[in-house]
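The structure under discussion appears below in the form of structure tokens.
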């Protein structure tokens, strides 16, 4: 029986978060963490997040850059019916294509709004020419995808509703696993222990996160990767270095 080879590098992703309201602090960004967790379950590593205002040229610049550097790009925001919803135009400009009305989306909007359907509503039928309209059995309202770029809404509830469509289309690879150790030691005392584990397990991501005013622990340590055996070995190597009375908890 052949021995399994090393786990191949993960696919990569980036996110472009769009909106003046986010940069001004009027609205709090809530989609990146949801996206990152969903991608980790697929074995996809989110490596870059960029936030820009509602500016066609800036959006186009970032889409062109991010879509070429990473396997997947997810935009969040700017796909509604108002004047500041310019993501579709920015994506189209990045890929050198036109903005056109999708007959399928236009019909769905007219059917949904009936006599109340306006030109404003129909702006939500605009897509970059050549884009795919992705659906799933659970989510029939299409999500726009152009090549490796997914255009998702910025409203958190709708973002969460549509994200599973992208998850199903992308498909799962070797998922990331994470282990956590909670201690009452501070980061300064933990540094030499962590250095030893990082040196011995360069393929495992090691994180250290202090917590203030929590009586149960002072620092949370995490061990992440896609090779379960290596992640567990790194965690166990760290546990072996802890003094008596530690850890407080292991997850």
Checklist entry - Can you list the equivalent-ellipsoid semi-axes of the chain, largest first and in whole Å, using the square root of 5 times each Cα gyration tensor eigenvalue? => result 42, 20, 16
Next on the checklist: Quick check on the chain: of the DSSP beta bridges with both residues there, what percent are antiparallel, nearest 5%?
Outcome noted: 60 percent
Item to check | Orientation-averaged projected area, Cα convex hull of the range 92-203 (nm²) | outcome: 12.3 nm²
Item to check | Kirkwood Rh, Cα atoms: Rg over Rh of the range 11-88 | outcome: 0.97
Checklist outcome for this item: Projected area averaged over all directions for the convex hull of the alpha carbon atoms of the range 177-250, nm², comes out at 4.4 nm²
Item to check | Between helix 187-200 and the chain: long-axis angle, C-alpha atoms, 0 to 90°, nearest 10 | outcome: 80 degrees
Checklist entry - Label-point separation (nm) for residue 249 and residue 115, each offset 7 Å from Cα along Cα-to-Cβ? => result 5.8 nm
Checklist entry - Taking the Cα atoms of the range 40-154 alone, what are Rg (to one decimal) and Dmax (as a whole number) in Å? => result 14.5, 45
Checklist entry - So, by mean Cβ neighbours within 10 angstrom, what's the order for 97-107, 208-218 with the highest one leading? => result 97-107, 208-218
Item to check | Pairwise label distance in nanometres, residue 100 with residue 184, each label 7 Å out on the Cα-Cβ vector | outcome: 6.8 nm
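Considering every Cα-Cα pair within the range 84-123, what fraction, in whole percent, is farther apart than 10 Å?
More than 10 Å apart: 73 percent of the Cα pairs in the range 84-123.
The numbers here are math on the coordinates, done by the rules we state, and not lab data. All of these numbers come straight from a predicted model, not from anything done at the bench. Backbone-built Cβ (ideal geometry, glycine too); neighbour counts: all protein chains shown.
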